[in-house]
1. What's the number of the condition residue 91 fails, among (1) among the small types (Gly, Ala, Ser); (2) closer than 22 Å to residue 210 by Cβ; (3) under 16 Å from the mean Cα position of the chain (by Cα)?
2. Six or more apart or on different chains, Cβ under 6 Å: which pairs go from a residue in segment 92-107 that's under 17 Å from residue 157 (Cα atoms) and modelled with pLDDT of 95 or more to one that's open to solvent by 40 Å² or more (accessible area, probe 1.4 Å) and assigned to a loop (DSSP other than H, G, I, E, B)? Could you list them?
3. For residues in segment 204-236 being in a loop (DSSP other than H, G, I, E, B) and among the small types (Gly, Ala, Ser), which is farthest from residue 81 (Cα to Cα)?
4. Helices (runs of 4 or more DSSP H) wholly in segment 85-176 with at least 3 residues that are of a type in the set (D, E, K, R) - which ones?
5. Just give me the residues in segment 63-83 being assigned to a helix (DSSP H, G or I), under 21 Å from residue 15 (Cα atoms) and open to solvent by 20 Å² or more (accessible area, probe 1.4 Å), in sequence order.
6. Regarding segment 250-258, can at least one residue be identified that is among the acidic types (Asp, Glu) and part of a loop (DSSP other than H, G, I, E, B)?
7. Of the conditions (1) in contact with a strand residue (DSSP E or B) (Cβ under 6 Å, 6 or more places away or on another chain); (2) more than 26 Å from residue 57 (Cα to Cα), residue 252 satisfies every one except a single condition; which number is it?
8. Counting only residues that are surrounded by fewer than 13 Cβ atoms within 10 Å (Cβ to Cβ) and closer than 20 Å to residue 68 by Cα, how many does segment 1-24 have?
Amino acid sequence: MLIRVGSRGSRLALTQAELAASRLRGEGVEIALVPITTAGDRDRSKPFGEIGERGVFVKELEEALLDARIDVAVHSAKDMTSTDTSGLIVGAYLVRDDPRDALCGADAVRPGMRIGTASARRRAQLLAREPTLSIEPLRGNVDTRLRKRGERGLDAIVLAACGLERLGLGGEIGYRFPPGELLPEAAQGALALQVRAGEAEVVAHADDAETRRRVEAERACVAAIGGGCLSPVAAHHDGTRLTALVADENGAWLERRSGNDPAALAAGLLAAVPA
């Protein structure tokens, strides 16, 4: 049996695809990795909102699945839209890695620092904590962003800890933000194996039930809030409770709530958002 596994072509994406492939390999199973370029990969300069809405790193992979050019798409689950695309499902979530955000270049956030990130979620929360920061846009893959930090003289940049660790770059991390300081993106740290509806059995044995429980609660909350890639929205389940927030993009206000029901949590947050 041949399973064609689609992935973005970056070093991190292919590393993640190989992690997924290692879980799918077995007696009589062959894996073919199929690199696919997405809109987010083609344009590395514009802010995400100018390229398209949330999902700029997954659309072409989903089209390849629907066209039967691949059998499984491997995504960083945080890149996916908060609701499933028609005809497709997440057949498996691999065991989640560290969901936290990581500060690279410094061991703490200090007043007046210049920090690079393309994430509206990170920008909003950082400015809410320290309004004197200068948050500068920073696009590119992990290696490019690490290089640009030095080239542009930034004091630090913020990246997902899991991506750095998967690339063997954990030594670049100066500080890992506890979720109480910087709430992660919904599904951050998780890898999603997406398949066509009715074909979950191809990847079902790789599914981690606890990761699915937490990630689906996070995605459901974001879907109820209506957050997109540029909306400063975050959600994280720590195993005991779900925490979510909505914030002003410049950190002028931030509303955070915790609970167990994603829909009720979302409703409470939306009711608290300033008019």
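1. (3) is the only condition that residue 91 fails.
2. 106/155
3. Residue satisfying both the conditions and the ranking: 231.
4. 120-129, 142-151
5. Within segment 63-83, 78, 79 meet the criteria.
6. no
7. Going through the list (1) in contact with a strand residue (DSSP E or B) (Cβ under 6 Å, 6 or more places away or on another chain); (2) more than 26 Å from residue 57 (Cα to Cα), residue 252 breaks only (1).
8. 2
The values are calculated or read from the model by the stated rules, or taken from the named source; none is laboratory data. Since the structure is predicted, the reported quantities are computational estimates derived from the model, not experimental observations. Note that each Cβ is placed from the backbone with ideal geometry, even for glycine, and that neighbours are counted across all protein chains shown. Quick note on the areas: whole protein, heavy atoms, side chains included, nothing else; ligands and nucleic acids left out. Shrake-Rupley method; radii C 1.70, N 1.55, O 1.52, S 1.80 Å.
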